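K.L.:
Before we start, here is the structure in question, set down as structure tokens.
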Amino acid sequence: MKKRQMKGMRDMEKIERISALFEANKDAQQASSMSRYMRDQFPFYGIPAPLRRKLYRPFLREEKKGRQIDWAFLDACMAAECREFQYLVYDSLLALNDFVIFADMPKHKRYAQTKPWWDTIDFLDQVIGNLSLRDERAKAVMREWAHADDIWLRRIAIDHQLGHKEKTDTALLEEIIAANLGSDEFFINKAIGWSLRDYARHDPDWVRAFLRHYSGQMSALSIREASRPLKEDT
């Protein structure tokens, strides 16, 4: 049997294994609630995040032993109907963080534009943010995405440095946010506020200076979110 055929069979076995876990732990009432929370865009098994991660933790440990990302399996998860499969994709990428490389950026872009909503996009923030700390070339892609027509690519660019603290590239942060000021898109303005709020916890003076310079161009939502830690700091 050809290697590709064997690989395809193994990927199918993985999907069936995860499906069995999800099916055994589904909760119709929770599924309905979770779907409503996502504006009925995606069906769910109804498995809360802590339980979901516990269920496939042994699977992810096995995947890490392979020391490479099984993109065909992740593609199949992205195509699966229920949202928990898409969450598995991003938990897999985070678990296999050491094996995410710059050459994978086209895949990340494709995933960002597959069934996009804030939940999976915010996962991808972390994946690309981790990569940008290891490979400077990712920053050029973030500059490009900051000007994209796709709001989700722009949101990733704005928020990919969340949690970077002293490693934050403030020049890049300012450049990307400035490129997105004046938007009337909720998810962009919220992202701007979050990125500034996050960095304010590390360097409140930098954020105060940013707000003094750009507040006339910022939405009330962005200013309100960015200012929360500054109020706590006074």
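K.L.:
If each residue of separation counts as 0.36 nm, what is the full-extension length gain between residue 209 and residue 181 once their alpha-carbon separation is subtracted? Don't jump to the answer; show the numbers that get you there.
P.N.:
Values: separation 28, 0.36 × 28 = 10.08 nm, distance 1.60 nm.
My answer for the length gained is 8.5 nm.
K.L.:
Sticking with this structure for a sec: So how many Lys-Lys pairs in segment 4-109 land under 25 Å Cα to Cα, not counting same-chain pairs under 8 apart?
P.N.:
16
K.L.:
Next question, about the same structure. As an exercise, use a Förster radius of 30 Å and the Cβ-Cβ distance of residue 40 and residue 75 to find the FRET efficiency, rounded to the nearest 0.05. Don't skip to the answer; put the middle values down first.
P.N.:
Numbers: r = 25 Å, r/R0 = 0.83.
Calculated value: 0.75.
K.L.:
Take every Cα-Cα pair in segment 21-113 and report what % of them are more than 17 Å apart.
P.N.:
Numbers: 2236 of 4278 pairs.
Tail fraction, whole percent: 52.
K.L.:
Note down, for segment 52-94, the three equivalent ellipsoid semi-axes (square root of 5 times each alpha carbon gyration tensor eigenvalue), biggest first, whole angstrom.
P.N.:
16, 13, 7
K.L.:
Out of segment 62-145, which GluC sites (Glu not before Pro) are coil in DSSP terms and have no more than 12 other C-beta atoms within 10 Å? Intermediate values should be presented prior to the final figure.
P.N.:
Numbers: sites: 62, 63, 81, 84, 136, 144; in loops: 81, 136.
Filter output for segment 62-145: 81, 136.
K.L.:
Something else: Give me the distance in nm between label points sitting 7 Å out from Cα along the Cα-to-Cβ direction at residue 32 and residue 165, one decimal.
P.N.:
Rounded to a tenth, the inter-label distance reads 4.4 nm.
K.L.:
Angle check, please: helix 118-134 long axis (alpha carbons) against the longest principal axis of the chain (alpha carbons), in degrees 0 to 90, nearest 10.
P.N.:
Orientation of helix 118-134: about 80 degrees from the principal axis.
K.L.:
How big is segment 124-218 along each principal axis, measuring the range of its Cα positions in Å and listing the largest first?
P.N.:
33, 30, 17
K.L.:
Among [x] 25.2; [y] 22.0; [z] 19.1, only one was calculated for this model; which label is it, if the read-out is Kirkwood radius over Cα pairs in Å?
P.N.:
[z]
K.L.:
Continuing with the same structure: How much solvent-accessible surface does residue 87 expose, in Å² to the nearest 10, with a 1.4 Å probe and all protein chains in place?
P.N.:
20
K.L.:
Then there's this: Could you please state, rounded to a whole Å, how far the C-alpha centre of segment 98-116 is from the C-alpha centre of segment 161-234?
P.N.:
Rounded to whole Å, the Cα centres lie 25 Å apart.
K.L.:
Tell me the per residue accessible area of segment 38-99 using a 1.4 Å probe; a whole number in Å² is fine. Let's see the in-between values first.
P.N.:
On the way: 2920 Å² over 62 residues.
Dividing the accessible area of segment 38-99 by its residue count gives 47 Å².
The values are calculated or read from the model by the stated rules, or taken from the named source; none is laboratory data. Note that this is a predicted model, so its numbers are computed, not measured. Cβ coordinates were reconstructed from backbone atoms using ideal geometry, including for glycine residues, and neighbour counts include every protein chain displayed. Accessible surface is based on the protein model in full, side chains and every heavy atom, while ligands, DNA and RNA are left aside. Shrake-Rupley method; radii C 1.70, N 1.55, O 1.52, S 1.80 Å.
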